[in-house]
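Below is one structure, written out as structure tokens; the observations come after it.
What follows is calculated from the coordinates using simple rules that are stated; it is not laboratory data. From a predicted model like this one, the values you see are computed outputs, not experimental measurements.
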Amino acid sequence: MRASVIRPSTPDGDEDREPEPTLQEMINIKLTESGEKERLKELLRERLIECGWRDELKAQCRAFAEKKGRNNITVDELVRTITPKGRNCCSYGAG
């Protein structure tokens, strides 16, 4: 009598497939393929410049650099300090 051989189960075809993209990923793909993503980014840039957001952030960066001393700050420190102010766009005319 022969002994049984235990073999690993045969993998399903599903294991080799990549997961389905999320809704957000599908939207991003469509916007990129259509060129709409770049158009929207450019529109956003224009609007931020028009409302003074960009100039305000530049002024805040300059003020922070002057206060700390240009040679005493890093880009990371500047980004950590200015980013929350930039995200608070409501005070720069958005809305």
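Just a few scattered comments:
- Gain on full extension, evaluated as 0.36 nm per residue between residue 18 and residue 65 minus their Cα-Cα distance, stands at 12.2 nm.
- Per-residue ³J(HN,Hα) for the stretch 43-53, Karplus 6.51 cos²θ - 1.76 cosθ + 1.60, θ = phi - 60°, Hz, x for Gly and Pro: 4, 4, 4, 4, 5, 5, 5, 4, 8, x, 4
- Kirkwood hydrodynamic radius of the stretch 31-73, from inverse mean 1/r over distinct Cα pairs, in Å: 12.4 Å
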